[in-house]
Amino acid sequence: MTELLTVDGTQSALSQRYSSALMNTFGAPKRVLVRGEGAYLWDADGNKYLDLLGGLAVNCLGHAHPFVVSAVTSQLATLGHVSNFFASAPQIALAEKLLGLFDAPGKVFFTNSGTEANEAAFKITRRTGRTKIVSTVGAFHGRSMGALAVTWKPAYRELFAPLPGDVEFVPYGDAEALAAAVDDETAAVVLEPIQGENGVVVPPAGYLQAARRITSEHGALLWIDEIQTGIGRTGTWFAFEAEGITPDLVTVAKGLGAGIPIGACIGLGAAADLLQPGNHGTTFGGNPVAAIAGLAVLTVIERDGLLAQVNAVGNHLASSIIALDHRLIAGVRGRGLLLAIELTQPVSDQVAQLALEAGFVINNPIPNALRLAPPYILSKADADSFVAALPGLLDQVEAG
Ligand SMILES: *Cc1c(COP(=O)(O)O)cnc(C)c1O
(Lines give C-alpha, C1' and ligand atoms only; values in the text may rest on other atoms or scores of the structure.)
Protein backbone atom coordinates (compact mmCIF):
# COMPACT_ATOMS: atom_id res chain seq x y z
CA MET A 1 0.00 0.00 0.00
CA THR A 2 2.75 2.43 -0.87
CA GLU A 3 0.15 4.91 -2.20
CA LEU A 4 -1.24 5.17 1.34
CA LEU A 5 1.79 4.96 3.53
CA THR A 6 5.51 5.13 3.20
CA VAL A 7 7.43 4.14 6.28
CA ASP A 8 10.26 6.50 5.61
CA GLY A 9 12.22 7.37 8.61
CA THR A 10 14.22 6.13 11.45
CA GLN A 11 12.69 5.03 14.70
CA SER A 12 13.59 8.26 16.42
CA ALA A 13 11.84 10.38 13.76
CA LEU A 14 8.75 8.15 13.86
CA SER A 15 8.70 8.10 17.67
CA GLN A 16 8.70 11.87 17.68
CA ARG A 17 5.72 11.95 15.31
CA TYR A 18 3.97 9.37 17.51
CA SER A 19 4.40 11.53 20.59
CA SER A 20 3.02 14.62 18.85
CA ALA A 21 0.01 12.88 17.31
CA LEU A 22 -1.08 10.24 19.83
CA MET A 23 -2.44 10.74 23.35
CA ASN A 24 0.14 9.93 25.95
CA THR A 25 -1.62 6.96 27.52
CA PHE A 26 1.11 4.37 27.01
CA GLY A 27 4.30 6.38 27.54
CA ALA A 28 6.99 6.52 24.89
CA PRO A 29 6.88 3.54 22.49
CA LYS A 30 9.73 1.05 22.98
CA ARG A 31 10.19 0.59 19.23
CA VAL A 32 8.38 1.41 15.99
CA LEU A 33 7.61 -1.91 14.31
CA VAL A 34 7.13 -2.33 10.59
CA ARG A 35 6.75 -6.04 9.87
CA GLY A 36 6.04 -9.41 11.46
CA GLU A 37 6.34 -12.97 10.25
CA GLY A 38 5.81 -16.09 12.35
CA ALA A 39 7.45 -15.50 15.74
CA TYR A 40 9.59 -12.60 14.47
CA LEU A 41 9.23 -8.81 14.30
CA TRP A 42 11.25 -6.10 12.57
CA ASP A 43 11.56 -2.45 13.59
CA ALA A 44 11.91 0.68 11.47
CA ASP A 45 15.70 0.52 11.72
CA GLY A 46 15.74 -3.05 10.39
CA ASN A 47 16.42 -4.80 13.72
CA LYS A 48 14.88 -8.25 14.18
CA TYR A 49 13.20 -9.52 17.37
CA LEU A 50 11.92 -12.87 18.63
CA ASP A 51 8.39 -12.09 19.80
CA LEU A 52 7.89 -13.76 23.18
CA LEU A 53 4.96 -11.50 24.09
CA GLY A 54 2.72 -12.06 21.05
CA GLY A 55 1.06 -8.62 21.08
CA LEU A 56 0.21 -9.28 24.72
CA ALA A 57 -1.18 -12.81 24.42
CA VAL A 58 -2.98 -11.91 21.19
CA ASN A 59 -0.89 -13.18 18.25
CA CYS A 60 -1.37 -16.84 19.11
CA LEU A 61 -0.58 -17.96 15.55
CA GLY A 62 2.34 -15.54 15.20
CA HIS A 63 2.42 -12.76 12.64
CA ALA A 64 0.96 -12.91 9.12
CA HIS A 65 -0.27 -16.51 9.48
CA PRO A 66 -1.16 -17.50 5.88
CA PHE A 67 -4.46 -19.18 6.84
CA VAL A 68 -5.65 -16.10 8.76
CA VAL A 69 -4.44 -13.69 6.06
CA SER A 70 -6.28 -15.62 3.37
CA ALA A 71 -9.50 -16.00 5.42
CA VAL A 72 -9.60 -12.31 6.34
CA THR A 73 -8.74 -10.94 2.90
CA SER A 74 -11.23 -13.13 1.06
CA GLN A 75 -13.98 -12.29 3.57
CA LEU A 76 -13.24 -8.57 3.23
CA ALA A 77 -13.49 -8.89 -0.54
CA THR A 78 -16.82 -10.71 -0.19
CA LEU A 79 -18.68 -8.99 2.66
CA GLY A 80 -16.83 -6.71 5.03
CA HIS A 81 -19.51 -5.40 7.36
CA VAL A 82 -23.23 -5.50 7.96
CA SER A 83 -25.18 -3.93 10.82
CA ASN A 84 -26.57 -6.18 13.51
CA PHE A 85 -29.99 -5.85 11.88
CA PHE A 86 -28.55 -8.57 9.65
CA ALA A 87 -26.71 -11.82 10.24
CA SER A 88 -23.67 -13.17 8.44
CA ALA A 89 -22.41 -16.72 8.00
CA PRO A 90 -18.99 -16.18 9.68
CA GLN A 91 -20.64 -14.87 12.86
CA ILE A 92 -23.02 -17.83 13.05
CA ALA A 93 -20.26 -20.36 12.32
CA LEU A 94 -17.89 -18.84 14.89
CA ALA A 95 -20.58 -18.78 17.60
CA GLU A 96 -21.36 -22.44 16.92
CA LYS A 97 -17.70 -23.42 16.92
CA LEU A 98 -17.03 -21.57 20.19
CA LEU A 99 -20.05 -23.17 21.85
CA GLY A 100 -18.78 -26.58 20.74
CA LEU A 101 -15.80 -26.06 23.08
CA PHE A 102 -18.05 -26.10 26.18
CA ASP A 103 -19.85 -29.01 27.78
CA ALA A 104 -23.08 -27.07 28.34
CA PRO A 105 -25.46 -25.37 25.91
CA GLY A 106 -25.02 -21.61 25.59
CA LYS A 107 -25.17 -18.45 23.52
CA VAL A 108 -22.62 -15.86 22.39
CA PHE A 109 -22.50 -12.05 22.30
CA PHE A 110 -19.64 -10.76 20.12
CA THR A 111 -17.63 -7.64 20.95
CA ASN A 112 -14.49 -5.90 19.64
CA SER A 113 -12.30 -6.17 22.73
CA GLY A 114 -11.85 -7.76 26.10
CA THR A 115 -13.21 -4.91 28.14
CA GLU A 116 -16.39 -4.89 26.04
CA ALA A 117 -16.84 -8.63 26.58
CA ASN A 118 -16.69 -7.91 30.32
CA GLU A 119 -19.13 -4.98 29.96
CA ALA A 120 -21.61 -7.40 28.40
CA ALA A 121 -21.04 -9.86 31.25
CA PHE A 122 -21.43 -7.07 33.81
CA LYS A 123 -24.80 -6.09 32.32
CA ILE A 124 -25.88 -9.75 32.29
CA THR A 125 -25.15 -9.93 36.04
CA ARG A 126 -27.55 -7.00 36.60
CA ARG A 127 -30.29 -8.96 34.82
CA THR A 128 -30.27 -11.47 37.70
CA GLY A 129 -32.13 -8.82 39.68
CA ARG A 130 -29.16 -8.57 42.06
CA THR A 131 -26.35 -6.01 41.98
CA LYS A 132 -23.53 -7.27 44.23
CA ILE A 133 -20.37 -8.50 42.49
CA VAL A 134 -17.41 -10.13 44.20
CA SER A 135 -14.03 -9.65 42.53
CA THR A 136 -10.48 -10.30 43.71
CA VAL A 137 -7.42 -8.41 44.88
CA GLY A 138 -5.02 -8.13 41.94
CA ALA A 139 -7.75 -8.66 39.34
CA PHE A 140 -7.56 -7.04 35.90
CA HIS A 141 -10.72 -6.99 33.79
CA GLY A 142 -10.31 -3.96 31.50
CA ARG A 143 -10.38 -0.15 31.36
CA SER A 144 -13.96 0.80 30.47
CA MET A 145 -16.03 1.88 33.46
CA GLY A 146 -17.83 -1.38 34.19
CA ALA A 147 -14.76 -3.55 33.71
CA LEU A 148 -12.73 -1.03 35.71
CA ALA A 149 -15.21 -1.33 38.57
CA VAL A 150 -14.22 -5.01 38.98
CA THR A 151 -10.50 -4.30 38.39
CA TRP A 152 -8.38 -4.07 41.54
CA LYS A 153 -5.48 -1.69 40.90
CA PRO A 154 -6.13 1.59 42.77
CA ALA A 155 -3.90 3.54 40.34
CA TYR A 156 -6.24 2.55 37.48
CA ARG A 157 -9.46 3.24 39.42
CA GLU A 158 -9.03 6.19 41.73
CA LEU A 159 -8.99 9.02 39.18
CA PHE A 160 -12.23 7.76 37.64
CA ALA A 161 -14.49 7.36 40.65
CA PRO A 162 -17.38 6.93 40.99
CA LEU A 163 -17.45 3.60 39.13
CA PRO A 164 -20.52 1.35 38.85
CA GLY A 165 -21.09 0.14 42.38
CA ASP A 166 -21.64 -2.80 44.63
CA VAL A 167 -18.28 -4.46 44.06
CA GLU A 168 -16.37 -6.16 46.87
CA PHE A 169 -12.78 -7.42 46.57
CA VAL A 170 -11.53 -10.53 48.37
CA PRO A 171 -8.00 -11.99 48.40
CA TYR A 172 -7.32 -14.06 45.25
CA GLY A 173 -6.96 -17.80 45.70
CA ASP A 174 -8.62 -17.75 49.14
CA ALA A 175 -11.74 -19.94 48.99
CA GLU A 176 -12.70 -19.15 52.59
CA ALA A 177 -12.69 -15.41 51.93
CA LEU A 178 -14.85 -16.02 48.87
CA ALA A 179 -17.30 -18.14 50.86
CA ALA A 180 -17.55 -15.39 53.47
CA ALA A 181 -18.22 -12.67 50.88
CA VAL A 182 -20.86 -14.42 48.76
CA ASP A 183 -24.48 -14.45 49.97
CA ASP A 184 -27.99 -14.66 48.55
CA GLU A 185 -27.72 -11.04 47.36
CA THR A 186 -24.66 -11.74 45.22
CA ALA A 187 -25.24 -11.45 41.49
CA ALA A 188 -21.85 -12.82 40.43
CA VAL A 189 -18.29 -13.72 41.28
CA VAL A 190 -15.77 -12.67 38.62
CA LEU A 191 -12.42 -14.46 38.45
CA GLU A 192 -9.43 -14.87 36.19
CA PRO A 193 -8.39 -18.55 36.29
CA ILE A 194 -4.79 -17.23 36.34
CA GLN A 195 -4.22 -13.50 37.03
CA GLY A 196 -2.30 -12.37 33.95
CA GLU A 197 -1.72 -8.64 34.47
CA ASN A 198 -0.96 -9.23 38.14
CA GLY A 199 2.11 -11.23 37.08
CA VAL A 200 0.72 -14.65 36.10
CA VAL A 201 -0.58 -15.59 39.54
CA VAL A 202 -1.86 -19.18 39.70
CA PRO A 203 -4.41 -19.88 42.46
CA PRO A 204 -4.20 -23.03 44.62
CA ALA A 205 -5.71 -26.20 43.12
CA GLY A 206 -9.42 -26.49 43.86
CA TYR A 207 -10.03 -22.71 43.94
CA LEU A 208 -12.26 -22.60 40.86
CA GLN A 209 -14.14 -25.69 42.07
CA ALA A 210 -14.74 -23.92 45.37
CA ALA A 211 -15.91 -20.81 43.52
CA ARG A 212 -18.31 -22.96 41.49
CA ARG A 213 -19.71 -24.59 44.63
CA ILE A 214 -20.05 -21.28 46.53
CA THR A 215 -21.79 -19.43 43.68
CA SER A 216 -24.16 -22.35 43.00
CA GLU A 217 -25.14 -22.52 46.68
CA HIS A 218 -26.23 -18.86 46.60
CA GLY A 219 -27.70 -18.72 43.11
CA ALA A 220 -24.93 -16.36 41.96
CA LEU A 221 -23.30 -16.43 38.53
CA LEU A 222 -19.71 -17.61 38.12
CA TRP A 223 -18.12 -15.29 35.56
CA ILE A 224 -14.72 -16.50 34.40
CA ASP A 225 -12.54 -13.96 32.57
CA GLU A 226 -10.56 -16.00 30.04
CA ILE A 227 -9.56 -12.95 27.99
CA GLN A 228 -5.85 -13.66 28.52
CA THR A 229 -5.93 -17.37 29.40
CA GLY A 230 -8.48 -18.63 26.87
CA ILE A 231 -8.29 -19.95 23.30
CA GLY A 232 -5.49 -22.39 24.08
CA ARG A 233 -3.03 -20.10 25.85
CA THR A 234 -2.59 -22.44 28.85
CA GLY A 235 -2.64 -25.68 26.83
CA THR A 236 -6.40 -26.31 27.05
CA TRP A 237 -9.05 -24.31 25.20
CA PHE A 238 -9.88 -22.57 28.48
CA ALA A 239 -7.84 -22.48 31.68
CA PHE A 240 -10.89 -23.34 33.84
CA GLU A 241 -10.94 -26.81 32.23
CA ALA A 242 -8.07 -27.78 34.54
CA GLU A 243 -10.64 -27.82 37.35
CA GLY A 244 -13.43 -29.54 35.41
CA ILE A 245 -16.02 -26.84 36.14
CA THR A 246 -18.72 -25.23 33.99
CA PRO A 247 -18.99 -21.46 34.55
CA ASP A 248 -22.12 -19.38 33.81
CA LEU A 249 -20.30 -16.61 31.93
CA VAL A 250 -17.01 -16.83 30.06
CA THR A 251 -15.36 -13.81 28.46
CA VAL A 252 -12.68 -14.17 25.77
CA ALA A 253 -10.86 -11.79 23.43
CA LYS A 254 -7.07 -11.54 23.03
CA GLY A 255 -6.18 -14.83 21.28
CA LEU A 256 -9.53 -15.25 19.55
CA GLY A 257 -8.77 -13.07 16.53
CA ALA A 258 -4.99 -13.60 16.42
CA GLY A 259 -4.63 -9.84 15.91
CA ILE A 260 -7.99 -8.90 14.41
CA PRO A 261 -10.00 -7.21 17.19
CA ILE A 262 -12.75 -9.49 18.47
CA GLY A 263 -14.09 -10.53 21.85
CA ALA A 264 -17.00 -12.60 23.07
CA CYS A 265 -19.16 -13.01 26.13
CA ILE A 266 -20.47 -16.56 26.32
CA GLY A 267 -23.45 -17.37 28.51
CA LEU A 268 -23.88 -21.01 29.47
CA GLY A 269 -27.08 -22.64 30.73
CA ALA A 270 -29.67 -20.16 32.03
CA ALA A 271 -27.18 -17.27 31.76
CA ALA A 272 -27.40 -17.58 27.96
CA ASP A 273 -30.87 -15.99 27.98
CA LEU A 274 -30.55 -13.19 30.54
CA LEU A 275 -30.06 -10.51 27.85
CA GLN A 276 -33.23 -9.85 25.92
CA PRO A 277 -33.93 -7.66 22.87
CA GLY A 278 -32.99 -4.04 23.56
CA ASN A 279 -30.86 -4.84 26.63
CA HIS A 280 -27.49 -4.51 24.89
CA GLY A 281 -25.95 -3.82 21.51
CA THR A 282 -22.90 -3.11 19.38
CA THR A 283 -22.27 -1.78 15.87
CA PHE A 284 -19.10 -3.71 15.07
CA GLY A 285 -19.37 -6.78 17.31
CA GLY A 286 -19.61 -9.96 15.24
CA ASN A 287 -18.39 -8.17 12.12
CA PRO A 288 -17.86 -10.79 9.34
CA VAL A 289 -14.12 -10.02 8.94
CA ALA A 290 -13.45 -10.31 12.67
CA ALA A 291 -15.62 -13.42 12.93
CA ILE A 292 -13.83 -15.19 10.06
CA ALA A 293 -10.53 -14.44 11.80
CA GLY A 294 -11.85 -16.16 14.94
CA LEU A 295 -13.02 -19.11 12.89
CA ALA A 296 -9.61 -19.34 11.21
CA VAL A 297 -7.83 -19.27 14.58
CA LEU A 298 -9.93 -22.06 16.12
CA THR A 299 -9.56 -24.10 12.92
CA VAL A 300 -5.76 -23.78 12.79
CA ILE A 301 -5.34 -24.57 16.52
CA GLU A 302 -7.33 -27.77 15.95
CA ARG A 303 -5.86 -28.69 12.56
CA ASP A 304 -2.24 -28.22 13.64
CA GLY A 305 -2.57 -29.77 17.11
CA LEU A 306 -1.41 -26.53 18.71
CA LEU A 307 -2.78 -27.26 22.19
CA ALA A 308 -0.25 -30.10 22.45
CA GLN A 309 2.46 -27.79 21.14
CA VAL A 310 1.57 -25.12 23.73
CA ASN A 311 2.00 -27.71 26.48
CA ALA A 312 5.21 -29.18 25.05
CA VAL A 313 6.98 -25.88 24.33
CA GLY A 314 5.63 -24.28 27.52
CA ASN A 315 6.92 -27.11 29.72
CA HIS A 316 10.23 -27.12 27.87
CA LEU A 317 10.63 -23.36 28.30
CA ALA A 318 9.72 -23.46 32.00
CA SER A 319 12.02 -26.37 32.85
CA SER A 320 14.94 -24.94 30.82
CA ILE A 321 14.64 -21.60 32.62
CA ILE A 322 14.56 -23.28 36.03
CA ALA A 323 17.56 -25.43 35.02
CA LEU A 324 19.59 -22.24 34.48
CA ASP A 325 19.71 -22.07 38.28
CA HIS A 326 20.51 -18.36 38.13
CA ARG A 327 20.72 -16.27 41.30
CA LEU A 328 18.19 -13.75 40.00
CA ILE A 329 15.61 -16.42 39.09
CA ALA A 330 13.34 -17.52 41.93
CA GLY A 331 11.17 -19.80 39.82
CA VAL A 332 8.73 -20.02 36.92
CA ARG A 333 4.95 -19.94 37.34
CA GLY A 334 2.05 -20.21 34.93
CA ARG A 335 0.82 -22.84 32.52
CA GLY A 336 1.28 -23.61 28.84
CA LEU A 337 2.58 -20.51 27.09
CA LEU A 338 1.51 -18.02 29.76
CA LEU A 339 4.57 -17.98 31.99
CA ALA A 340 6.20 -15.67 34.49
CA ILE A 341 9.86 -15.81 35.40
CA GLU A 342 9.92 -14.90 39.08
CA LEU A 343 12.88 -12.73 40.00
CA THR A 344 14.62 -12.52 43.36
CA GLN A 345 14.95 -8.72 42.93
CA PRO A 346 12.57 -6.05 41.55
CA VAL A 347 14.49 -5.59 38.28
CA SER A 348 11.99 -6.75 35.65
CA ASP A 349 11.98 -3.42 33.77
CA GLN A 350 15.76 -3.50 33.38
CA VAL A 351 15.74 -7.11 32.21
CA ALA A 352 12.94 -6.46 29.71
CA GLN A 353 14.86 -3.46 28.34
CA LEU A 354 18.12 -5.46 28.02
CA ALA A 355 16.20 -8.29 26.36
CA LEU A 356 14.75 -5.90 23.79
CA GLU A 357 18.21 -4.58 22.99
CA ALA A 358 19.34 -8.20 22.55
CA GLY A 359 16.42 -8.94 20.16
CA PHE A 360 13.77 -10.49 22.46
CA VAL A 361 10.35 -8.98 23.16
CA ILE A 362 9.31 -9.89 26.72
CA ASN A 363 7.29 -7.98 29.29
CA ASN A 364 7.49 -6.81 32.91
CA PRO A 365 3.95 -6.77 34.36
CA ILE A 366 5.23 -6.34 37.95
CA PRO A 367 8.69 -5.43 39.34
CA ASN A 368 9.70 -8.97 40.32
CA ALA A 369 8.36 -10.97 37.40
CA LEU A 370 8.84 -11.16 33.63
CA ARG A 371 5.97 -12.38 31.48
CA LEU A 372 6.22 -14.60 28.40
CA ALA A 373 3.15 -15.09 26.19
CA PRO A 374 4.65 -16.17 22.86
CA PRO A 375 2.79 -17.45 19.79
CA TYR A 376 1.73 -21.11 19.93
CA ILE A 377 3.85 -21.74 16.84
CA LEU A 378 7.06 -20.92 18.76
CA SER A 379 9.63 -23.60 17.98
CA LYS A 380 11.75 -25.28 20.65
CA ALA A 381 14.82 -23.90 18.89
CA ASP A 382 13.50 -20.34 19.18
CA ALA A 383 12.60 -20.92 22.83
CA ASP A 384 16.13 -22.25 23.40
CA SER A 385 17.69 -19.14 21.85
CA PHE A 386 16.02 -17.03 24.54
CA VAL A 387 16.98 -19.42 27.35
CA ALA A 388 20.59 -19.33 26.12
CA ALA A 389 20.61 -15.52 26.17
CA LEU A 390 18.85 -15.09 29.53
CA PRO A 391 21.79 -15.64 31.93
CA GLY A 392 23.84 -13.02 30.05
CA LEU A 393 20.97 -10.52 30.32
CA LEU A 394 20.56 -11.18 34.03
CA ASP A 395 24.32 -10.88 34.61
CA GLN A 396 24.26 -7.40 33.05
CA VAL A 397 21.60 -6.36 35.57
CA GLU A 398 23.73 -7.61 38.43
CA ALA A 399 26.78 -5.80 37.07
CA GLY A 400 24.77 -2.59 36.76
C1 LIG B 1 -6.44 -7.79 28.46
C2 LIG B 1 -7.46 -8.20 29.44
C3 LIG B 1 -8.71 -7.56 29.52
C4 LIG B 1 -9.04 -6.33 28.68
O5 LIG B 1 -9.03 -6.59 27.32
P6 LIG B 1 -8.92 -5.34 26.27
O7 LIG B 1 -9.05 -5.98 24.93
O8 LIG B 1 -7.59 -4.70 26.52
O9 LIG B 1 -10.03 -4.43 26.58
C10 LIG B 1 -9.63 -8.03 30.41
N11 LIG B 1 -9.37 -9.09 31.21
C12 LIG B 1 -8.18 -9.73 31.17
C13 LIG B 1 -7.96 -10.92 32.05
C14 LIG B 1 -7.19 -9.30 30.31
O15 LIG B 1 -6.00 -9.91 30.30
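The values are calculated or read from the model by the stated rules, or taken from the named source; none is laboratory data. Nothing here was measured: the structure is a model prediction, and the numbers come from that model. All Cβ positions, glycine included, derive from the backbone under ideal geometry; neighbour counts span all protein chains shown. Remember, those area values only see protein heavy atoms, side chains included, never the ligands or the DNA or RNA. Shrake-Rupley method; radii C 1.70, N 1.55, O 1.52, S 1.80 Å.
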Name the single residue that is surrounded by the fewest Cβ atoms within 10 Å (Cβ to Cβ) among those in region 126-171 being within 16 Å of the ligand (Cβ to nearest atom), in contact (Cβ under 8 Å) with a residue 40 or more places away in the chain and among the polar types (S, T, N, Q).
Ser135
Give the residue, chosen from Ala381, Ala330, Ala293, that is of a type in the set (Gly, Ala, Ser) and within 17 Å of the chain's Cα centre (by Cα).
Ala293
Restricting attention to region 1-36, which residues are under 28 Å from the mean Cα position of the chain (by Cα) and loosely packed, with under 10 Cβ neighbours inside 10 Å?
Ala21, Met23, Asn24, Thr25, Phe26, Gly27, Ala28
I want to confirm something. Restricting to region 45-59 and keeping residues that are within 19 Å of Ser379 (Cβ to Cβ) and within 12 Å of the ligand (Cβ to nearest atom), which single residue is least open to solvent (accessible area, probe 1.4 Å)?
Ala57
Quick check on my filter: what residues within region 216-237 are surrounded by fewer than 24 Cβ atoms within 10 Å (Cβ to Cβ) and more than 29 Å from Gly62 (Cα to Cα)?
Ser216, Glu217, His218, Gly219
Could you please let me know if Pro374 is under 19 Å from Asp51 (Cβ atoms) and either of a type in the set (D, E, K, R) or open to solvent by 10 Å² or more (accessible area, probe 1.4 Å) (or both)?
no
The conditions are (1) under 18 Å from the mean Cα position of the chain (by Cα); (2) away from the ligand (no atom under 11 Å from the Cβ); (3) of a type outside the set (D, E, K, R); (4) open to solvent by 30 Å² or more (accessible area, probe 1.4 Å), and Leu98 fails exactly one of them. Which is it?
(4)
What number of residues in region 71-86 are open to solvent by 70 Å² or more (accessible area, probe 1.4 Å) and part of a helix (DSSP H, G or I)?
4
Output the residues belonging to region 282-315 that are open to solvent by 50 Å² or more (accessible area, probe 1.4 Å) and closer than 24 Å to Ala120 by Cα.
Thr283, Phe284
Selection count, region 39-70, where residues are within 20 Å of the chain's Cα centre (by Cα), among the aliphatic types (A, V, I, L, M) and part of a loop (DSSP other than H, G, I, E, B)
6
Pairs under 9 Å by beta carbon, first residue open to solvent by 10 Å² or more (accessible area, probe 1.4 Å) and of a type in the set (Lys, Arg) in region 249-271, partner within 12 Å of the ligand (Cβ to nearest atom) and part of a strand (DSSP E or B), six or more apart or different chains?
Lys254/Gly263
Output yes when any residue across region 87-106 is touching a Gly at 6+ places or on another chain (Cβ under 6 Å), assigned to a strand (DSSP E or B) and either under 30 Å from Gly305 (Cα atoms) or not assigned by TED's automatic domain parsing to the domain that holds Glu185 (or both), and no when none is.
yes
Among (1) within 28 Å of Phe110 (Cβ to Cβ); (2) surrounded by fewer than 13 Cβ atoms within 10 Å (Cβ to Cβ); (3) touching a residue at least 24 places away in the same chain (Cβ under 8 Å), the one test that Pro66 misses:
(3)
Region 175-204, subset within 12 Å of the ligand (Cβ to nearest atom) and polar (S, T, N, Q), residue farthest from the chain's Cα centre (by Cα):
Asn198
